[in-house]
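Everything on this sheet refers to the single structure shown next.
The values are calculated or read from the model by the stated rules, or taken from the named source; none is laboratory data. These numbers were taken from a predicted model, which means no experiment stands behind them. Heads up, the Cβs are rebuilt from the backbone with ideal geometry, glycines too, and the neighbour counts pull from every protein chain shown. Calculation scope for accessible area: heavy atoms of the full protein, side chains included, ligands and nucleic acids excluded. Shrake-Rupley method; radii C 1.70, N 1.55, O 1.52, S 1.80 Å.
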Amino acid sequence: MFKTYKILSLALSALIALSATSACGGGSVQTEQNSPSASSASSAVEASTAVAETVKSKLGEIEIMADVNVDVEGGTLNENKYLDYIEEQTGVRIKVQSPGSSSYTDKVNIVMASGDAPDAVMIGSSNMINQLARNGVLTNVEPYVTDSGKYPLLASRMPEAAYHPVSNNDSIWGVPYARFDAFTQVTFVRKDWMAKLDLQPPATLDDLYAIMKAFTEEDPDGNGIDDTYGLLGGGFNPVLYYGGALFRAIFDCNTYQVIEGEVLPWQINPNYKEYLKYMRKLADEEIMDSDILNSTTQVMMDKLATHKYGLLTNFWHANQFPGYDTWTIGDEWTTIDIPKNIKGEPGRFSYETLSRHYAVIPSTSKKIDLTMTVFDWVCSDEGVKYVNLGVPGSDYIIDEEGKPQLGTTTKFSINWIFTLMNPGIKNEDTESYLALTYPQSSIDWLNHAAEQGKLDPIAVNLPYNPDLIQANIDKVVEEYTSQAILGNIDIDATWDKYISDYMSAGGRQAVDFNTQWYNSGGKEIVGNS
Amino acid sequence: MEARRIRMNRSFKMMIRRVYANRLMYLFILPGFIWFLIYKYGPMYGVVIAFKDFKFSEGILGSAWVGLKHFQYLFSMSDFYNIVRNTITINLWNLLFGFTAPIILALIMNEVYSLKFKKAVQLAVYFPHFLSWVVFGGIIINMLNPSQGMINMAIKALGGKPVHFLAQSKYFVGIVVITSIIKEAGWGTIVYLAALAGVDMDQYEAAVIDGANRWQKLIYITLPGISSTIIIMLILRVGYLLDVGFEQIYVLYNPSVYSVGDVISTYIYRMGLQNMQFSLTTAIGLFQGAINFALIFTTNTLAKRFSDVSIW
């Protein structure tokens with residue numbers, strides 16, 4: 001018995017020793033990768049192109065955190081051709097942490113608070129980035145992104161305006177993923193239903209109402225059952241943020257406006273009250289599906305898959321519309337112009353930023369140069385091609401004329417996620433890449449979305465207001481908006497109380513801050529932008 | 001003084017002797033004790049950030065002291081009183097119905113003679129406990145959906161107008177309490193069934209001889225027999241009066257019922273995790289803990305005075 005215990009103890013000790021040795025071994029490899037030899041290897045890159053490919057792969061490894069919400073076909077999150085290609089091109093191996101889309105920002109907050117953050121992190125909200133910067137956990141990337149000697153492409157090709165939401169006092173706290181399609185939204189309508197019911201594209205709100213009502217009441221799918229809706233409004237938070245965008249454009253309450261000397265956000269614009277009444281009418285008449293509160297994007301897509309909805313506002317490419325074979329969405333859907341707004345002017349969707357998200361560098365990162373090397377490469381011609389088309393040889397091939405042609409793999413690869421940033425270049429080349437990836441109908445819709453959108457000049461230039469972090473404005477707006485649309489309150493009788501609640505939840509402070517900025521130089525900035 | 005020292009020495013030695021004599025029992029306690037030490041007491045030092053302006057870069061110890069600044073802000077917020085009121089309202093209704101439901105269910109199950117039927121009922125009422133609130137809440141949301149939910153389809157079939165149950169404040173607290181009972185009442189019966197098993201059978205036989213009917217046996221034997229368990233459970237439950245489970249509310253609520261559904265835990269989540277206001281939300285947590293402790297202390301004292309049953 002004693003002998004057995006002794007053997008077991010020896011075996012256990014050997015196992016522990018082995019683990020310790022391998023752990024130490026791992027550490028030494030890591031040290032080697034981060035050692036000064038990396039910089040000497042960097043010099044070798046310049047010396048010989050032939051040697052470069054070999055040496056580059058030894059530059060080192062960076063760890064990034066991103067919201068990767070789709071499968072990596074033909075690989076795993078950390079072993080795939082996209083990461084291999086970036087390593088081949090830059091010498092930097094990227095290791096990805098993806099905590100999942102659900103509550104992604106909460107997880108980022110926890111990671112940043114832990115003091116053990118990766119080398120670069122994808123963050124969508126500029127306010128969150130500014131708040132993290134105030135907490136002292138981000139690197140000011142200004143010296144890097146403007147260093148035209150070390151990172152010439154990054155310094156010259158990234159649009160300066162894209163940095164604005166994450167800049168203050170000569171500091172820049174993130175590198176943008178600037179969109180070539182910054183204006184993403186367009187209104188889709190069932191063209192087969194329009195034809196069947198002999199309807200014309202709407203020029204006014206009344207025309208639009210007539211179309212939605214006909215879709216709801218005249219059995220456009222011909223099944224003899226009253227089961228269709230004129231409008232699919234649900235999905236996304238805050239309430240009807242996307243679903244109601246078309247109507248906020250028509251009611252001219254989708255931008256900051258200067259009213260009676262104060263800079264007011266759209267949520268307390270007097271026209272917002274009329275918008276709410278209109279949306280309530282659509283819900284009351286069951287033209288809009290009133291299930292708008294617990295609708296996630298997935299629920300919205302499930303509803304769309306029933307083919308019972310006639311109109312919605314969505315991304316220009318529409319490639320996530322469920323239940324359609326590739327490139328057949330255009331057979332059923334087309335886009336329409338936003339009808340004239342209540343001032344008689346062309347309605348426009350409004351946007352507050354040019355960027356999809358930002359890549360921030362935690363102050364704990366010791367590999368900023370490696371990260372910037374990757375970012376600089378993304379701004380190169382090869383990098384832009386990678387972001388738009390993927391990996392040469394499989395995602396695309398170069399034909400005899402030297403032009404890229406679509407390869408054999410999936411059209412919607414996730415290559416772009418791994419770069420974290422993007423200069424958002426739109427030129428003849430990138431347009432030709434788009435033509436490979438999307439059908440002509442989607443390209444037309446993209447151009448339509450560009451015509452139908454505008455930047456909110458005040459929102460895009462407003463400085464960050466740190467005092468608003470404890471405010472509870474969003475809660476007041478969401479609560480009132482949902483209650484108003486669902487008919488739980490009398491809008492006319494409660495509007496003044498809503499404004500008062502908004503102001504006491506931090507809104508007064510925000511309006512005063514914004515107005516003061518506008519009057520002390522902001523007006524000129526807005527005028528010039 | 002010397003006598004006192006000798007007395008203390010003696011009692012210390014006796015304690016050591018007692019611990020040694022029961023060393024195996026203490027060994028069983030040890031893992032739990034270590035767990036509490038590491039995961040419950042260890043992190044408590046973090047509570048100091050309620051009195052600091054916590055900055056990630058400076059850490060818990062390095063951040064600047066600000067005294068009661070966060071508490072002053074807290075008590076000046078009108079929203080704070082709303083969330084405290086909502087939390088207490090939901091918990092009081094839960095106390096009234098959610099606490100009594102398992103007792104009634106246990107008493108009913110105790111009266112079932114068929115063992116097979118009893119086991120089938122137990123299986124059915126225990127099952128929802130094992131579903132997460134995400135799953136269970138999802139089922140409830142689908143059932144109450146205004147356009148395709150089972151309940152509203154039944155209302156429409158009967159000629160009624162669909163009701164958006166989850167969007168109306170007047171239904172929300174009721175839905176929270178009812179779903180909580182459906183999910184947890186069955187599991188809550190376990191402790192009462194165990195207590196019922198401990199009631200002396202001789203008393204029932206004596207009562208039958210004295211001519212007691214089933215109702216009288218329930219009132220005069222069963223309930224007094226499990227009263228100490230009920231009191232202990234009540235004391236523990238009262239200690240959670242300012243504590244509503246986060247998952248249930250987070251899954252079921254939506255913007256239109258914020259006025260009644262926003263509770264301390266959801267507020268802490270929103271302001272703490274989403275807005276990075278860790279000092280403020282720690283102050284709320286500390287306030288919550290202090291009130292809960294006061295409540296449990298008061299209830300225990302009252303229980304001790306009026307029933308001789310208490311947890312200390």
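Limiting things to C-alpha atoms, what are the Rg and the maximum Cα-Cα separation (Dmax) for the range B:1-48, in angstroms?
According to the Cα coordinates of the range B:1-48, Rg and Dmax are 16.3, 43 Å.
Could you order peptides A:100-106, B:83-89 by the average number of other Cβ atoms within 10 Å of their residues, highest first?
Numbers: A:100-106: 13.4, B:83-89: 18.6.
Packing proxy ranking, top to bottom: B:83-89, A:100-106.
May I ask you to order B:215-221, A:244-250 by the average number of other C-beta atoms within 10 Å around their residues, highest value first? Kindly include the intermediate steps, with their values, before the conclusion.
Details: B:215-221: 13.6, A:244-250: 24.3.
Highest to lowest by the protection proxy: A:244-250, B:215-221.
For the range B:260-312 and the range A:366-393, what is the centre-to-centre distance using only Cα atoms, to the nearest Å?
51 Å
I'd like the mean, over residues of A:107-114, of how many other protein chain beta carbons sit within 10 Å of each residue's own Cβ. Walk me through the intermediate numbers first.
Details: counts 1, 0, 7, 2, 0, 3, 8, 1.
That average works out to 3.
I need two numbers for the range B:50-103: Rg to one decimal and Dmax as a whole number, Cα atoms only, in Å.
In Å, with Rg to one decimal and Dmax whole: 17.9, 51.
For chain A, what is the calculated [θ] at 222 nm in deg cm²/dmol (nearest 500), taking -39500 (n - 2.57) for each run of four or more DSSP H residues and dividing by its residue count?
Values: 24 runs with 238 residues, N = 529.
Result for chain A: -13000 deg cm²/dmol, rounded to the nearest 500.
Kirkwood Rh, the range A:468-529, all Cα pairs: how many Å? Kindly include the intermediate steps, with their values, before the conclusion.
Working: mean 1/r = 0.0755 Å⁻¹.
When all Cα pairs of the range A:468-529 are included, the Kirkwood radius is 13.2 Å.
Please work out the Kirkwood hydrodynamic radius for chain B, using every pair of different C-alpha atoms, and report it in angstroms with one decimal place.
Values: mean 1/r = 0.0421 Å⁻¹.
Hydrodynamic radius (Kirkwood, Cα pairs) of chain B is 23.8 Å.
Hey, with R₀ at 51 Å, roughly what FRET efficiency would A:ALA435 and B:LEU302 work out to, going by the Cβ-Cβ distance, to 0.05? Show your work: numbers first, answer last.
Values: r = 78 Å, r/R0 = 1.53.
E(calc), rounded to 0.05, equals 0.05.
By per-residue mean of other Cβ atoms within 10 Å, what is the highest-first order of B:55-66, A:354-365?
Values: B:55-66: 14.2, A:354-365: 22.3.
Result, highest mean first: A:354-365, B:55-66.
In 10 Å bins starting at zero, report the fraction of Cα pairs in the range B:117-194 per bin as a rounded %.
18, 38, 29, 13, 1
Could you sort out which of A:LYS454/A:LYS523; A:LYS213/A:LYS273; A:LYS277/A:LYS497; A:LYS150/A:LYS385 sit more than 20 Å apart by Cα distance in this structure? It would help to have the intermediate numbers written out before the result.
Working: A:LYS454/A:LYS523 18 Å; A:LYS213/A:LYS273 22 Å; A:LYS277/A:LYS497 16 Å; A:LYS150/A:LYS385 22 Å.
Too far apart for the 20 Å limit: A:LYS213/A:LYS273; A:LYS150/A:LYS385.
Can you give the convex hull volume of the alpha carbon atoms of chain A per residue, in Å³?
223 Å³
What is the calculated FRET efficiency for B:LYS161 to A:LYS366, with r their C-beta to C-beta distance and R₀ = 45 Å, to the nearest 0.05? Provide the component values of the computation, followed by the final result.
On the way: r = 63 Å, r/R0 = 1.41.
E between B:LYS161 and A:LYS366, to the nearest 0.05, is 0.10.
Using alpha-carbon positions, what is the distance between the centroids of the range A:178-199 and the range B:69-132, in Å?
The range A:178-199 and the range B:69-132 have Cα centres spaced 48 Å from each other.
So which helices of chain A fit the span-like rule, where a helix is a whole DSSP H run, its Cα atoms reach 20 Å or more along the axis, and its mean Kyte-Doolittle is at least -0.5? Don't skip to the end; give the middle numbers.
Values: long enough: A:2-34 (48 Å, 0.49); A:270-284 (22 Å, -1.39).
Passing helices, by number: A:2-34.
Want the number for A:GLN97 to A:ASP84: 0.36 nm per residue separation, take away the alpha-carbon distance, what's left? Intermediate values should be presented prior to the final figure.
Details: separation 13, 0.36 × 13 = 4.68 nm, distance 1.62 nm.
That pair, A:GLN97 and A:ASP84, stretches by 3.1 nm at full extension.
Taking only protein heavy atoms and a 1.4 Å probe, what accessible area per residue, in Å², does the protein assembly as shown have with all protein chains in place? Write down the numbers at each step before the final one.
Working: 42110 Å² over 841 residues.
On a per-residue basis, 50 Å².
Rounded to the nearest 5, what % of DSSP beta bridges with both residues in the protein assembly as shown are antiparallel?
Working: 28 of 43 bridges.
If I count the DSSP bridges inside the protein assembly as shown, around 65 percent turn out antiparallel.
Averaged over peptide A:475-485, how many Cβ atoms belonging to another chain are found within 10 Å of each residue's Cβ?
Numbers: counts 7, 3, 1, 4, 9, 3, 2, 7, 8, 1, 2.
Per residue, the average neighbour count from other chains is 4.
Where the eigenvalues come from the Cα gyration tensor of the range A:393-529, what are the semi-axes √(5λ) of the equivalent ellipsoid, largest first, in whole Å?
On the way: eigenvalues 407, 93, 47 Å².
Those come to 45, 22, 15 Å.
Would you mind calculating the relative contact order of the range A:332-464 from Cα pairs under 8 angstrom and at least 6 residues apart, reporting the percent as a whole number?
Working: 111 pairs, mean separation 43.5, N = 133.
It rounds to 33 percent for the range A:332-464.
By its C-alpha gyration tensor, with a ≥ b ≥ c as the square roots of the eigenvalues, how is the range B:61-203 shaped: rounded for a/c under 1.5, else prolate for a/b larger than b/c, else oblate? Could you put the intermediate results ahead of the total?
On the way: a/c = 2.59, a/b = 1.29, b/c = 2.01.
Note, shape of the range B:61-203 comes out oblate.
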